[in-house]
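Report on the following structure.
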Amino acid sequence: MPVVKTVSRAVSQLLQSSGCGCGISIVPVRCIGVSPRQVASDASFHSVSFSESDHPRVLITGGLGQLGVGLAKLLRKRFGKSNVILSDIRKPPDNVFHSGPFIFADILDYKNLREIVVNNRITWLFHYSALLSAVGEANVPLARAVNITGLHNVLDIAAEHNLRLFVPSTIGAFGPTSPRDPTPDLCIQRPRTIYGVSKVHAELMGEYYHYRYGLDFRCLRYPGIISADSQPGGGTTDYAVQIFHDAIKTGKFQCNLKPDTRLPMMYIDDCLKATLEVMEVPAEALSMRTYNISAMSFTPEELAQEVQKHIPELQVTYNVDEVRQAIADNWPMNFDDRNARRDWGWKHDYDLPELVTTMFSFLGSDSRIAQAN
Ligand SMILES: NC(=O)C1=CN([C@@H]2O[C@H](COP(=O)(O)OP(=O)(O)OC[C@H]3O[C@@H](n4cnc5c(N)ncnc54)[C@H](O)[C@@H]3O)[C@@H](O)[C@H]2O)C=CC1
Ligand SMILES: CC(=O)[C@H](N)C(=O)O
């Protein structure tokens, strides 16, 4: 069958072509018409004037969660307020709405997302929308839709419009058969949560689009992130944020993981710094497209001891949540991030003592329970 042979030869040539995918110009364009919901480029969410050659034009999806507002703040400092558009499906609080451009964007609405990218001449996209590990297990169909279907929309739009795309992955992309102490970049990944499965899918699809279509896909696997001014969105590592609030408010903390559950963690400033760094690194420096990043690793007991150095009267009890514990027991205990350190000079600033001191200075340990009494 000569035709079949010719086609298969062409396909195999395509698949064997250069690792960077630069020679491949086919892009996965979807055949769609015009959206009924046109968004004007000068829509009321603030019109912009900018020099495209100076700065990227940035869109952040899922930007009202624990990490997005901080990322917008960092990127606006670097690229200018009007060049960074925060988006979500939720209503922004006043301070966020007035701090820079905000727009409604549902990542499940492909046409609307495409219009936003086109009308605002977006060049970089940070894709933060997701359902995290614990809430994902509570609603698997929604997690599958947001984390997998939503990612497909973002990938196609990014490839079609030649965007640089950042998608975060997680320690949750590993599972019980992965080496856990430490966990390297490349090893078995068989997660047992819909969150983890969707993140492995995102890593693989992003890398596939990179090699197949030349998409500039960049991905960091984040540890559990700890922040003072934003609340976590329903994950397994949330306890490590809650302890600070409860210590200050009530002097009591009930932990939903066992005292000896060791997980990799990171202060938000380090996480956002790494995210900006990896997006700015010249492509030639990246030997991979998905990197672990690491800062510290601790158990609830070790965190509580460090917190008690600031609030000695803190009482910690344990009431284990079986779902979260089962998830944590399958996750990495320590993360090996040597490749990130080697390729683009990644270096964290915060270890456990600095993290705890910084959290209390941010939250104002003046309001601590001891002083309130
Ligand atoms: N916070 C952490 O400890 C870690 C976060 N990550 C990843 O970083 C990213 C951001 O995380 P967080 O800010 O903590 O998440 P979050 O759960 O706090 O926020 C996610 C946001 O996505 C939005 N969203 C949900 N459905 C949507 C839809 N259909 N369209 C648009 N937006 C939608 C939600 O409204 C929410 O504001 C996520 O992809 C997460 O997997 C990875 C590892 C650790
Ligand atoms: C580590 C994460 O990805 C997140 N914080 C979660 O616990 O689900």
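The values are calculated or read from the model by the stated rules, or taken from the named source; none is laboratory data. Keep in mind that this is a model prediction, so the values were computed, not measured. Counting neighbours? That spans all protein chains shown, and the Cβs are built from the backbone with ideal geometry, glycine included.
Side notes on the structure shown:
- Test for THR236: is it closer than 21 Å to GLY65 by Cα and touching a helix residue (DSSP H, G or I) at 6+ places or on another chain (Cβ under 9 Å): yes
- Yes/no for THR357 being β-branched (Val, Ile, Thr) and assigned to a strand (DSSP E or B): no
- Failed item in (1) within 12 Å of ligand 1 (Cβ to nearest atom); (2) more than 19 Å from the chain's Cα centre (by Cα), with ALA130 passing the rest: (2)
- Any hit, region 128-151, residues being crowded, with 23+ Cβ neighbours inside 10 Å, over 30 Å from LEU355 (Cβ atoms) and of a type outside the set (A, V, I, L, M, F, W, C): yes
- When the strands (runs of 3 or more DSSP E) confined to region 279-328 are screened for residues that are exposed (fewer than 15 other Cβ atoms within 10 Å of the Cβ) and over 26 Å from the mean Cα position of the chain (by Cα), those reaching at least 1 such residues are found at 315-318.
- Matching residues, region 136-153, being under 16 Å from LEU113 (Cα atoms) and within 14 Å of ligand 2 (Cβ to nearest atom): VAL146, ASN147
- Filtered residue count, region 231-263, keeping only those that are away from ligand 2 (no atom under 16 Å from the Cβ), of a type outside the set (A, V, I, L, M, F, W, C) and not in a helix (DSSP H, G or I): 6
- Restricting ASN162, ASN139 to residues that are within 15 Å of ligand 1 (Cβ to nearest atom) and modelled with pLDDT of 95 or more narrows the list to ASN139.
- Members of region 195-252 found to be closer than 21 Å to HIS161 by Cβ, among the aliphatic types (A, V, I, L, M) and within 12 Å of ligand 1 (Cβ to nearest atom), listed by number: ALA202
- Looking across region 185-226, the residues that are within 16 Å of ligand 2 (Cβ to nearest atom), within 14 Å of the chain's Cα centre (by Cα) and either basic (Lys, Arg) or not in a helix (DSSP H, G or I) (or both) come down to LYS199, CYS219, LEU220, ARG221, TYR222, PRO223, GLY224, ILE225, ILE226.
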